[in-house]
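One structure below.
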Amino acid sequence: KVYEVKLSSGTNFNNDISITFNYDPTVLQKDYKKEYLGAAYYNGSFKAWSEFKTVTVDSINRTVTLKTNHLTPVGFWEFLSTTGYQHKMVGEHFQIYYTYQSDHRVMDNTTYNSPKQSWHSDKGDLASTPYYIQDLSHWLEEAYSKYKGYGLTVPTSKVTVYVRALKGSDGEFASVLGNVYINNKLAPDIETPNQTIPELLKATAAHEFLHYVQDYYYAFNIGGIGMWWLEATATQADRMVWGNTLNYYESENFSKKNSATHGNMLHYCISKSWDDCNSNPNWYVAGGFLNYLANYRDGKKASIASLIKLGGEFTNVSYYRTLLNDYIKSNLGGNGIGEDF
């Protein structure tokens, strides 16, 4: 059922309001679980249903309660029957949907070729869950714990992750939907020697979930230079989560990439202003400077988490230059951007 909820006081509110649905378990699929239930609203601008992030399911009283600061058509949501995904892995903070059918078929264990990990299981609820999905769940949880430890805002309800075919990208984050998407068949970069699929999945998980976290601080419709700041910081995600324990790092990989037009990408960008990166792939290459500040700078080093939080305080992206200049002076004991750059 879909409901049009109206109040005489308007459709937008400074504080959240609660809306509760009753549900009838007899009309659900026979093997439904509490974790499959939720609520969604219809986004007229995008002509699509979007899941509410803050939802509580009471299986005793058979209710679904959502919190929202705006009113639109809303409806009860049974995930598996409405999304077309046949399988689901539910962790502490993430619910991952995947399928063995069509072009979205998840990578099998043989092709994935992951080393055996302590969390891999072929028994119980995980008996048929591919290692690709088990690894994704584990690494997302590690990223969640690390970002929370940095004092970044993290979701209190489960994040929905879809593993599916993505054209030309390893992962995506849909701000308006609040969903994370991971490519079902990741392939190592031919310009990155010795990169493995598990390592790429690990970095992709941290990167895309950091975009989800960034959404608490930024509006995602801030244009090209805004996209640059979001990607330049997101390419630091793997090192933020796992420190210096990896074989390759996304930010350094982008900086070292060769290009038929520009040669080494860092050399191409270094001749420009550090924030002159209004196009792809320059959004990502620009992360090289932040990587230097956070990991290679002599003396005090930058906190990417702090920069993300500070950046969210600005509504005009032109202030990012001032933000970083002031940060280098006040927090790192430097003389400003020019000298460090």
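The values are calculated or read from the model by the stated rules, or taken from the named source; none is laboratory data. Worth saying up front: this structure is predicted, and the values here are computed from it rather than measured. Heads up, the Cβs are rebuilt from the backbone with ideal geometry, glycines too, and the neighbour counts pull from every protein chain shown. Heads up: the accessible areas ignore ligands, DNA and RNA and are worked out on the full protein's heavy atoms, side chains in. Shrake-Rupley method; radii C 1.70, N 1.55, O 1.52, S 1.80 Å.
Checked against (1) of a type in the set (Ser, Thr, Tyr); (2) out of contact with any Leu (no Cβ under 8 Å at 6 or more places or on another chain); (3) touching a residue at least 60 places away in the same chain (Cβ under 8 Å); (4) open to solvent by less than 30 Å² (accessible area, probe 1.4 Å), residue 217 passes all but condition (4). Checked against (1) at positive phi; (2) modelled with pLDDT under 90, residue 128 passes all but a single condition, namely (1).
In segment 93-106, of all residues being surrounded by 12 or more Cβ atoms within 10 Å (Cβ to Cβ) and of a type in the set (Ser, Thr, Tyr), the one that is farthest from residue 171 (Cα to Cα) corresponds to 100. Within segment 282-303, being under 20 Å from residue 151 (Cα atoms), out of contact with any Lys or Arg (no Cβ under 8 Å at 6 or more places or on another chain) and surrounded by 20 or more Cβ atoms within 10 Å (Cβ to Cβ) holds for 290, 302.
Please specify each residue of segment 184-203 satisfying the condition of being within 13 Å of the chain's Cα centre (by Cα), more than 22 Å from residue 217 (Cα to Cα) and open to solvent by less than 20 Å² (accessible area, probe 1.4 Å). 201, the sole residue that qualifies. Looking only at residues of segment 107-153 that are in a loop (DSSP other than H, G, I, E, B) and open to solvent by less than 20 Å² (accessible area, probe 1.4 Å), we find that the one that is farthest from residue 188 (Cα to Cα) is 152. Out of 204, 196, one residue alone is under 16 Å from residue 94 (Cβ atoms) and out of contact with any Phe, Trp or Tyr (no Cβ under 8 Å at 6 or more places or on another chain). It is 204.
If you go through segment 306-313 one residue at a time, do you hit one that is open to solvent by 70 Å² or more (accessible area, probe 1.4 Å), modelled with pLDDT of 95 or more and part of a loop (DSSP other than H, G, I, E, B)?
Within segment 306-313, the subset open to solvent by 70 Å² or more (accessible area, probe 1.4 Å) is 313.
Narrowing further to those that are modelled with pLDDT of 95 or more: none.
No; the residues of segment 306-313 include none that is open to solvent by 70 Å² or more (accessible area, probe 1.4 Å), modelled with pLDDT of 95 or more and part of a loop (DSSP other than H, G, I, E, B).
The set of residues in segment 95-104 being farther than 11 Å from residue 130 by Cα and either charged (D, E, K, R) or within 24 Å of the chain's Cα centre (by Cα) (or both) consists of 95, 96, 97, 103, 104.
Name every residue in segment 155-178 that is surrounded by 19 or more Cβ atoms within 10 Å (Cβ to Cβ) and not aromatic (Phe, Trp, Tyr), in order of residue number. Walk me through it before giving the result.
Step one: filter segment 155-178 for residues surrounded by 19 or more Cβ atoms within 10 Å (Cβ to Cβ), giving 159-164, 170-171, 173.
Within segment 155-178, 159, 160, 161, 163, 164, 170, 171 qualify.
Applying a threshold of 6 Å to beta carbon distances and a minimum spacing of six or more residues, or different chains, the list of pairs starting in segment 8-28 at a residue that is farther than 25 Å from residue 58 by Cα and ending at one that is open to solvent by 100 Å² or more (accessible area, probe 1.4 Å) is empty. Taking the criterion of being among the polar types (S, T, N, Q), modelled with pLDDT of 70 or more and open to solvent by less than 30 Å² (accessible area, probe 1.4 Å), the residues of segment 41-71 that qualify are 50, 63, 68.
Of the residues making up segment 1-19, those that are open to solvent by 80 Å² or more (accessible area, probe 1.4 Å), within 20 Å of residue 37 (Cα to Cα) and part of a strand (DSSP E or B) are 2, 3, 4.
Say whether the condition of being assigned to a helix (DSSP H, G or I) and β-branched (Val, Ile, Thr) is met by at least one residue in segment 56-79.
Here is the first cut: in segment 56-79, the residues assigned to a helix (DSSP H, G or I) are 79.
From what's left, β-branched (Val, Ile, Thr): none.
So far as segment 56-79 goes, no, none of its residues is assigned to a helix (DSSP H, G or I) and β-branched (Val, Ile, Thr).
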